[in-house]
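Notes for the one structure printed next.
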Amino acid sequence: MAKYESVNGQWPAGTREGRDLKLTPQEAITACKLLWRKFTGSKLARVKATSGRRRGGFKRGVLYVNPNRWNGGWHEVVHMMSHRVAFRLHPGSKAHDRKGRHAFIERQMIEHVVRSGWLDGKLLRKTKPKATVDPKAVRAARVAARIKLWEAKKRRAENALKKLQRSARLLPSANKNGPGRKSGAALIITPRRGAPGAGADPHHFEERRL
């Protein structure tokens, strides 16, 4: 246990070995990604925050972190990550072997977290305040936009009607079959008959209307 007394002694005094130093789920996720990259040289694909009494660790390719498990705070996050990194760097070794490899990694992690100012909130992402939205103003803007759209459609329709009316005036009249003729009447032209018994005159024709 002497090894871990030296390890936990790296936390600021009066913080119960980092347990009183709380962090948000977003800070926990960011810390896990940065610690993994620094101590393994690789990148974590997916990290998710969990809550309640759930333990952190890998599950189906996702690293889960619970910053509030047993009110552990920063101590819980760093301790969990030190075990994950030790298993990655020394596969098959016990978590607390005589060589103290895990204790050495955890001590380095605590020193890095304290030195980098993460305990002071440097990993906390600043959120922009949400702008207040007036529902009535939004509804009025939508109605005004629809009115503008339909007014534009009305202008296009009026212009199209004017063009069609202009084209209709330029078209010839439908009743131009000549004087005295009814529209749609059939006209048959037959040879005019001459004197009785003379037969039809091939040079004269007469019109008959049906």
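Matching residues to (1) at pLDDT 90 or above; (2) of a type in the set (S, T, N, Q); (3) under 15 Å from Val78 (Cβ atoms); (4) touching a helix residue (DSSP H, G or I) at 6+ places or on another chain (Cβ under 8 Å):
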| site | (1), (2), (3), (4) |
| --- | --- |
| Asp97 | no, no, no, no |
| Gly100 | no, no, no, yes |
| Ala103 | yes, no, yes, yes |
| Ile110 | yes, no, yes, yes |
| Arg115 | yes, no, yes, no |
| Trp118 | yes, no, yes, yes |
| Pro129 | no, no, no, no |
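Just so you know, in segment 23-62 the residues that are basic (Lys, Arg) and under 19 Å from Ser82 (Cβ atoms) include one that is surrounded by the fewest Cβ atoms within 10 Å (Cβ to Cβ), and it is Lys43.
The values are calculated or read from the model by the stated rules, or taken from the named source; none is laboratory data. Computed from a prediction, not measured in an experiment: that's the story for all the values here. As a convention, Cβ positions derive from the backbone with ideal geometry for all residues, glycine included, and neighbour counts pool all protein chains shown.
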